[in-house]
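One structure is given below, encoded as structure tokens.
The values are calculated or read from the model by the stated rules, or taken from the named source; none is laboratory data. What you are looking at is a predicted structure, and each value in this text was computed from that prediction instead of being measured. Quick reminder, even Gly has a Cβ in these numbers, built from the backbone with ideal geometry, and neighbours come from all protein chains shown.
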Ligand SMILES: [Zn+2]
């Protein structure tokens, strides 16, 4: 069974055929007039690129970072792979870019102007940049600048960072690379790149590429190279006052000076994690693996940029208790970065595999008890999400052709994808599944594939190779039928069952708080315990718990988050004070969005939350602003540049 074919939206663009600004000393090659034509937004419904005709093979970026004007300024040269030799145009995705000039490189090495045009703006998809491509031309140059409102970049001023110096970082997934580089912005296209970046001399530039420095370079000029082909959503850059600390022979961490020591201690286990990953699914193929700790406004837990994962500082708990997120980003070096979803409808190929792989790394590091607890937490969250989601969002493969690909990012492709792989593990056995996965990563390394390619490969190499373990109909139920299949296997955790029993006794007045074995609880047991208190707390219980466990002052963000939700429910004053501090400091969407939503649900909290939001928003990433405004039901979805 297949999901619905994407509905193609047609967009008519007129193309003007006048040659612009040809170099004066040269005789321009006459251009063939390009007729009016129609562009189908549809091969990948979230990109204008006609990549079957011509695709980017390599790009060379030369950009300077203007921290004051909040712009990247310079040019990009594209080397093209022409799949249809006579094809006469190149369409790039852009959004909010200031395109200044387009030229092409002739075989004799000289540049020549060509006609180009920006098409009509299509909301979050941006504007197609249509470039006439004369016969025989294989290199195109675009001179441009990004704008301060670029959705894929966050610019922080010195007051918003711990170093006191300005900071900038990118977030290109799913389709925001086009807000800082004109690109064929689809995961279906992979290319290599090199980059020369000029920044203020007191700041460091790092990229998801080879060539990251160990110290600030006083010339302000940094050179990078990415020899493995990547999709555009993995393009990554950050600029700030950074320090580097080595962890292992091929791993280390970057952070602002205030964070660097804590970060290096927290992530000491990184090299061991890489080795576990290699033991499971084959060699790490990207050279180095470093981490970059961003300011607390980073909207996500992490982003798997190749060679350099970006991380929120909120996972630095002081005791390594939140490292599942690092295991997750590392696992993407195989699932996602090496074998990539060809479009966002197939996101589960990236995320479901990665959550499964993350669980395997955590099990290898900390044992089965931890894996079971994490699985149970994920399962409980998934069951709730599936119950609340629209029917069309309750299955792994979802039709997103008419939607913002941002909507792909919900629990279903992550956790349902993971439980699909857990189910394969139970049915086929761990040994067979591991051998299959390892071969799968080899087979499709550095390729972008869709669900149907995976499905055909799984039928041949798993279902037919080990007959009578599971049926193709069962696999299709996971992929294409709404809801968790009846035969899905719910995880169990003995540790959580004990916590549940103790929590019930406390709530029934049969056990004192001091008798709870909370000293022995891991963060996972705490999360389960606090989640279970939903709807049962009043001020007396909140005060008693706070006195016993000092939860308002907890340094563990997962615990604080759940405690703040309970504080909203009970309107507990010390918790509300901490909540205000928290919302002013942290921009991680996983926390801010539900906190604002919970406040908006109370009769007292919405006005208060809007006042806090107004104060906090200049430090939030555009994505966090968008999600917070939706949670608070603020009328405008238009996001301003600050
Ligand atoms: Zn992920």
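Among the residues of region 41-66, those that are within 15 Å of residue 87 (Cβ to Cβ) and not in a loop (DSSP other than H, G, I, E, B) comprise 54, 55, 56, 57.
A residue that is surrounded by fewer than 18 Cβ atoms within 10 Å (Cβ to Cβ), at pLDDT below 95 and either in contact with a strand residue (DSSP E or B) (Cβ under 7 Å, 6 or more places away or on another chain) or closer than 20 Å to residue 606 by Cα (or both) can be found somewhere in region 535-553. Considering (1) assigned to a loop (DSSP other than H, G, I, E, B); (2) out of contact with any helix residue (DSSP H, G or I) (no Cβ under 6 Å at 6 or more places or on another chain); (3) at pLDDT 95 or above, the lone condition that residue 136 does not fulfil carries the number (3). The criterion of at least 3 residues that are within 16 Å of the ligand (Cβ to nearest atom) is met by the following helices (runs of 4 or more DSSP H) wholly inside region 357-473: 368-388, 417-428. When residue 331 is tested against (1) surrounded by 24 or more Cβ atoms within 10 Å (Cβ to Cβ); (2) at pLDDT below 95, exactly one condition is not met: (2).
For first residues located in region 349-372 and assigned by TED's automatic domain parsing to the domain that holds residue 525, partners that are assigned to a helix (DSSP H, G or I) and more than 10 Å from the ligand (Cβ to nearest atom) and lie 6+ apart or on another chain with Cβ distances below 6 Å do not occur.
Please determine, by comparing only the residues of region 224-243 that are touching a helix residue (DSSP H, G or I) at 6+ places or on another chain (Cβ under 8 Å) and in a helix (DSSP H, G or I), which one is farthest from residue 409 (Cα to Cα). Looking at residues that are touching a helix residue (DSSP H, G or I) at 6+ places or on another chain (Cβ under 8 Å) and in a helix (DSSP H, G or I), I get 232. The single condition from (1) in contact with a helix residue (DSSP H, G or I) (Cβ under 8 Å, 6 or more places away or on another chain); (2) closer than 25 Å to residue 311 by Cβ; (3) free of Cβ contacts under 8 Å to residues at least 60 places away in the same chain that residue 626 fails is (1).
Does residue 74 fit the bill of being in the same structural domain as residue 199 (by TED's automatic domain parsing), in a strand (DSSP E or B) and at positive phi?
So residue 74 fits the description; yes.
Can you find a residue in region 272-295 that is within 16 Å of the ligand (Cβ to nearest atom), at positive phi and in a loop (DSSP other than H, G, I, E, B)? So far as region 272-295 goes, no, none of its residues is within 16 Å of the ligand (Cβ to nearest atom), at positive phi and in a loop (DSSP other than H, G, I, E, B). The set of residues in region 299-347 that are in a helix (DSSP H, G or I), away from the ligand (no atom under 11 Å from the Cβ) and farther than 25 Å from residue 245 by Cα comprises 344, 345, 346.
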